[in-house]
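See below for the structure under consideration.
The values are calculated or read from the model by the stated rules, or taken from the named source; none is laboratory data. Keep in mind that this is a model prediction, so the values were computed, not measured. In this analysis, Cβ positions are derived from the backbone assuming ideal geometry, glycine residues included, and neighbour counts consider all displayed protein chains.
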Amino acid sequence: LYISETAHERVRGLLGSCVQLMVVLGIMGVYLAGMFMDWRWLAICCSVPPTLLMVSMYFMPETPRYLLFHGKRQEAEDALRYLRGPDAPVEWECARIEDACGEQGSSFRLSDLKDPGIYKPLMVGVMLMAFQQMTGINAIMFYAQNIFEQAHFQNSDLASVLVGLIQVVFTGIAAVIMDKAGRKVLLVISGAAMIVSTAAFGVYFYLMSKPAVGAEPHQDLTWLALASMAVFISGFAIGWGPIPWLIMSEVIPIRVRGFASAAVVLTNWGMAFVVTKTFQNMMDGLTSAGTFWLFSVMCALNIVFTIFFIPETKGKTLEQIEAIFRGTSGP
């Protein structure tokens, strides 16, 4: 949210995607460090980055949109000069933001949920987070070692590090091309890659469960599992990993960001808990193959939702995006 309110629309996609890039860098770092470090020292090391973040945020300015929404024009101009440079046309940008804030009116009330300019972006954010988790990403990541062990991959620790590296590379690619390709295109490509990979993973587990009579499972198929995991992680990282968080921060109007952000994040972590908690039960009840084929269906639904319900936000100001949901022309 902070990045969306401070970044220029030309680089908002790049900077917004860097949030997910830092997350996957941290995941890969923990995978790598976990091969050599005791868990106590690993926990201590993991406390350093949030401590540095907490200290550094003390020196960052409040967002111009927040300041203007609360009538602090001079402070907003100072914040914009800090963010855009001393020669930036801050008066014009402040006037544009003030016009949008004036159209939004006073602070949020529950009765405002009847306003399509509020409930539509809120539902987009909630559904994006629900669909993101229904791809099975957190279940697959949390059980990565178990999956590779079931796939008879001998070095599951190394496999997890490779998964983390793939995440970093493709999230970096997504960040670079985000403001050129657009959000919807990357979401569709991402969903298609995950459909193929989860279907292939299902085929792998199906074949491994049906060896010829008296024969051992075909060990060469281990590479099908590894390839499926690589395609899934790369597909997720290029679209459904960073983009739902970015779009959520772009579409939610400023006066409902507190309530709406809480609802969206709660949906994300709530669905993450449900999918992760039930993953092993699904593997037992539906079989491993059936579970991954179910994830394929969910990824197909992601594409349908993207095509019909997600607006393209590339290159648009936050005020123009809000106008899309209100059905008016933005500033």
Taking the condition in contact with a helix residue (DSSP H, G or I) (Cβ under 8 Å, 6 or more places away or on another chain) and closer than 19 Å to residue 245 by Cα, does residue 25 pass? yes
Can you tell me which of (1) closer than 15 Å to residue 20 by Cα; (2) at pLDDT 85 or above is the one residue 164 doesn't meet? (2)
Restricting to segment 55-106, and then to whatever is out of contact with any helix residue (DSSP H, G or I) (no Cβ under 6 Å at 6 or more places or on another chain) and among the basic types (Lys, Arg), can you tell me which residue is modelled with the lowest pLDDT? 96
Within segment 1-26, tally of residues that are more than 14 Å from the chain's Cα centre (by Cα), surrounded by fewer than 16 Cβ atoms within 10 Å (Cβ to Cβ) and not hydroxyl-bearing (Ser, Thr, Tyr): 4
Consider residue 264 carefully, then state whether it is surrounded by 23 or more Cβ atoms within 10 Å (Cβ to Cβ) and hydrophobic (A, V, I, L, M, F, W, C). yes
Identify the residue in segment 38-90 that is exposed (fewer than 11 other Cβ atoms within 10 Å of the Cβ) and among the acidic types (Asp, Glu) and, among all such residues, is nearest to residue 317 (Cα to Cα). 87
Is at least one residue of segment 267-274 in contact with a helix residue (DSSP H, G or I) (Cβ under 8 Å, 6 or more places away or on another chain), modelled with pLDDT of 85 or more and either of a type in the set (Ser, Thr, Tyr) or outside any helix (DSSP H, G or I) (or both)? yes
Among the residues in segment 282-301, are any among the acidic types (Asp, Glu) and either assigned to a loop (DSSP other than H, G, I, E, B) or touching a strand residue (DSSP E or B) at 6+ places or on another chain (Cβ under 8 Å) (or both)? no
Pairs please, first residue from segment 116-135 and surrounded by fewer than 22 Cβ atoms within 10 Å (Cβ to Cβ), second anywhere and hydroxyl-bearing (Ser, Thr, Tyr), Cβ atoms under 9 Å, 6+ apart in sequence or on different chains. 117/328; 126/267; 127/267; 130/267
Report the residue count in segment 159-185 for those that are within 17 Å of residue 13 (Cα to Cα) and in contact with a Ser or Thr (Cβ under 8 Å, 6 or more places away or on another chain). 8
Given the criteria assigned to a loop (DSSP other than H, G, I, E, B), closer than 26 Å to residue 11 by Cα and hydroxyl-bearing (Ser, Thr, Tyr), does residue 313 qualify? yes
Of the residues that sit in segment 46-103 and are out of contact with any Ser or Thr (no Cβ under 7 Å at 6 or more places or on another chain) and of a type in the set (Val, Ile, Thr), which one is farthest from residue 324 (Cα to Cα)? 48
